[in-house]
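Let me begin by presenting the structure, written as structure tokens, before commenting on it.
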Amino acid sequence: MKMNKTLFVVLLLSSSLLCSSCIGSFKLWNGLKEWNEGLGDKYVNELVFIALNIVPVYGVAFFADMVVLNAVEFWTGMNPIASNKTKEVQGEYGNYLVATTENGYTITNKEANQSLDLVYNQEEKSWNAVTESESFELVKMNDDGTATINMQDGTSMTVVPDSEGVASVRAAYMGVSFASR
């Protein structure tokens, strides 16, 4: 009996090294939460939140952050989830590297060695295409829930961000007119 208590105390003290009072950034759990908050209105967010707790995605993410990722962050100084991720994408016009940045993405054409940044401006609520020499606003989210899309020809159109709005933008981009119907 005394040996079991001693073994228990030794294991408890040894495991305390893994949990060495590092609160950590909880990047995995916070990223999941922020993704959920950005899905839609409060009703959609609540439904997704409940579903992800039933499955239990939130519980697994919190446990992984608490036990593994925060210990790694404490001992190495960096969280593996927080690091930028780069993926290679094969497109119609060549191979591209897409890197996740703090406020958007960097897309690099591997053959031409040219880059384009897609940057989200939080103050303006807009996505911008940025090169070395210029910046172009692509999409702006308006306070009334609509989105203003700037087209290549210099025109812009304001749509509701739903399937009909996307279809309208596609039709305008492809030069299709439904006015003749």
Checklist line | Selection from segment 117-139 of residues that are assigned to a strand (DSSP E or B) and either within 18 Å of the chain's Cα centre (by Cα) or closer than 24 Å to LEU28 by Cα (or both) | finding: ASP117, LEU118, VAL119, TYR120, ASN121, SER126, TRP127, ASN128, ALA129, VAL139
Notebook entry, point to check: Looking at segment 147-159, which of the residues that are touching a residue at least 12 places away in the same chain (Cβ under 8 Å), surrounded by 14 or more Cβ atoms within 10 Å (Cβ to Cβ) and more than 26 Å from TYR96 (Cβ to Cβ) is nearest to the chain's Cα centre (by Cα)?
Noted result: VAL159
Check: Which one is nearest to the chain's Cα centre (by Cα) among residues in segment 95-112 that are exposed (fewer than 13 other Cβ atoms within 10 Å of the Cβ) and of a type in the set (D, E, K, R)?
Finding: GLU102
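Taking the options GLY59, GLY24, name whichever one is at pLDDT below 75 and surrounded by 12 or more Cβ atoms within 10 Å (Cβ to Cβ). Even if it seems obvious, please write down each step before you answer.
Working: GLY59 fails: at pLDDT below 75.
Only one candidate passes the filter, namely GLY24.
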Item checked: Flag for ASN4 being more than 30 Å from GLU111 (Cα to Cα) and modelled with pLDDT under 75 -> yes
Next item on the list: Considering every residue within segment 103-112, establish whether at least one is out of contact with any Phe, Trp or Tyr (no Cβ under 6 Å at 6 or more places or on another chain), without any contact (Cβ under 8 Å) to a residue 12 or more places away in the chain, of a type outside the set (Phe, Trp, Tyr) and not in a strand (DSSP E or B).
Entry: no
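The values are calculated or read from the model by the stated rules, or taken from the named source; none is laboratory data. Everything numeric in this text was worked out from a predicted model, so none of it was measured. Positions of Cβ are backbone-derived with ideal geometry, glycine not excepted, and every protein chain shown enters the neighbour counts.
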